[in-house]
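For reference, the structure discussed in these notes is given below.
The values are calculated or read from the model by the stated rules, or taken from the named source; none is laboratory data. Note that this is a predicted model, so its numbers are computed, not measured. Here the Cβ positions follow ideal geometry from the backbone for every residue, glycine too, while neighbour counts run over all protein chains shown.
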Amino acid sequence: MLPVVVVHGGAGHVPKERSEKATMGVSSAARSGYLVLQGGGSSMDAVVAAVSQLENNPLFNAGCGSVLNVKGEVEMDALVMDGKTLCSGAVSAVRNIANPVELARMVMDKTSHACLTAEGASMFARSMGVPEVPHESLVTEYSRMRWRKNLEPGADPVACQMGKMGTVGAVAVDVEGNVACATSTGGMMNKMEGRVGDTPCIGSGGYADNHSGAVSTTGHGETIMKVTLARLILFYMEQGHSVEAASDMGLAYMKSRVDGLGGVVTVDPQGNWAARFSSLQMAWAAAQKDMLHYGLYVGEHWSQNIQEPHSPHHADI
C-alpha cells in the first residue's frame, strides 16, 4: 500500500504574476504531507501538515491570506475528517487564529462535538492554549485591495472571487490504507458577517470514508452545498467509478444542476488519486512513489522526482 497525498490551492482564475508561486506553494505543501506519510505518520497528520502550510502562505485564501468580509474582517472555516472512524472536526467563522485546520482537529480529538463556531470556537482555542494572533497578521495588502474594489457600486464579489486563489485542501492515504481529508478557507470576498460556506460542512467541503475514499473541494460554497459535492463524488465511486470519472461526474452535475464551478482532489483507499476542476484553473500537487505531480490548467500534468528542487518548466506533460 503506497502512501499518497494530494493538495489543492483553490479553483478559479490565477493571475499570471501569482501562478508560478501558487504551483510552488501547493508542491511544497504536498512534499510536507508526503514526508509525514514516509515517516509513518497517519493520513490525518499528513493532511493537517499540508493544509497548515498553505494557511501560512499569504498567497492562498486561508489563514494569513484570507479574504475579508464586508466589514473588512477575517472569518475563517476549516474541516478535517478521518476515514477510519468517520470522526470529524470543524470550526466556522473563527478569528485571530493562525491555523484553523489545527483547531478543527482539536475539536475532533478533544471534544464530543463535530463543529464549533465563532466566539465558542475562540473560547475553546484559548482553553487549549492556542495563541491568538492579531487580526492584522491575517490581512494582506492584496486582500485589502480586493475588498476595497468590491465595495464599489456595481462590483460583483462572486465573479471577482474567481480572480483570487480559493479555498485550500488535501486528501491522503497512509501506509495502513486509512484515508483523511482537510479543507480550510477565508470564505467569499466581501461576504456578510457570519456567512459560512461549504468548507466546514461534512459532505460538502470534504468527506473521508475508508470504504470509498476521500475528497476535498473548492469553488463557490453556496453551490457546492446544494449538491453536497464531496459526498456526491464518493457516491459515484461506491457505484464503481474511478476517482477521475467520479470527480468529473460530480463537477458536471454541479455545473448542469446549479451552474456552479469548482474543483476537487480525490483519493481511493488503494492510492489512486485525481485532481479535477471545472473552473479555468486550480493549483494542485500530488506526491506518490517519490514523485511529485503538479498542474494549474486543465489537462496540465507535470512530474518530477520529489528530491529535485521545484522547477515549473522542465518536466514532462
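Within segment 99-117, restricting attention to residues that are of a type in the set (Gly, Ala, Ser) and assigned to a loop (DSSP other than H, G, I, E, B), the residue that is farthest from residue 187 (Cα to Cα) is 112. Scanning segment 32-46 for residues that are more than 14 Å from residue 169 (Cα to Cα) and within 17 Å of the chain's Cα centre (by Cα) gives a single hit, 34.
Scan segment 241-265 residue by residue and report those that are surrounded by 22 or more Cβ atoms within 10 Å (Cβ to Cβ) and farther than 16 Å from residue 298 by Cα. The answer is 243, 246, 250, 254, 260.
Every test in (1) in contact (Cβ under 8 Å) with a residue 12 or more places away in the chain; (2) more than 19 Å from the chain's Cα centre (by Cα) is passed by residue 297 save one, and that test is (2).
Among the residues of segment 266-303, those that are among the aromatic types (Phe, Trp, Tyr) and surrounded by fewer than 24 Cβ atoms within 10 Å (Cβ to Cβ) comprise 297, 302. Restricting segment 72-93 to residues that are under 16 Å from the mean Cα position of the chain (by Cα) and β-branched (Val, Ile, Thr), which is nearest to residue 127 (Cα to Cα)? Among those that are under 16 Å from the mean Cα position of the chain (by Cα) and β-branched (Val, Ile, Thr), it is 91.
Only a single criterion out of (1) farther than 19 Å from residue 183 by Cα; (2) surrounded by 23 or more Cβ atoms within 10 Å (Cβ to Cβ) is not satisfied by residue 132, namely (2). The residues on offer are 92, 42, and the sole one that is in contact with a strand residue (DSSP E or B) (Cβ under 8 Å, 6 or more places away or on another chain) and under 21 Å from residue 194 (Cβ atoms) is 92.
Assessment of segment 3-22 against the conditions (surrounded by fewer than 24 Cβ atoms within 10 Å (Cβ to Cβ), polar (S, T, N, Q) and outside any loop (DSSP other than H, G, I, E, B)) yields at least one matching residue. In the condition set (1) over 19 Å from residue 89 (Cα atoms); (2) in contact with a Lys or Arg (Cβ under 9 Å, 6 or more places away or on another chain); (3) modelled with pLDDT of 95 or more, residue 190 is compliant with all but (3). Scanning segment 138-150 for residues that are surrounded by 13 or more Cβ atoms within 10 Å (Cβ to Cβ) and not basic (Lys, Arg) yields 138, 139, 140, 142, 143, 147, 150. Take the residues in segment 94-129 that are touching a Cys at 6+ places or on another chain (Cβ under 9 Å) and within 23 Å of residue 84 (Cβ to Cβ), then tell me which one is surrounded by the most Cβ atoms within 10 Å (Cβ to Cβ). The qualifying residue surrounded by the most Cβ atoms within 10 Å (Cβ to Cβ) is 104.
Criterion applied to 89, 129, 120 was being assigned to a strand (DSSP E or B) and of a type outside the set (S, T, N, Q), and the one residue passing it is 89. The condition (being under 14 Å from the mean Cα position of the chain (by Cα) and not in a helix (DSSP H, G or I)) is satisfied by just one residue among 96, 61, 69: 61. Scanning segment 260-317 for residues that are touching a helix residue (DSSP H, G or I) at 6+ places or on another chain (Cβ under 7 Å), farther than 22 Å from residue 10 by Cβ and modelled with pLDDT of 95 or more turns up 268, 272. Just one residue in the set 217, 223 is buried (at least 24 other Cβ atoms within 10 Å of the Cβ) and among the polar types (S, T, N, Q); that residue is 217.
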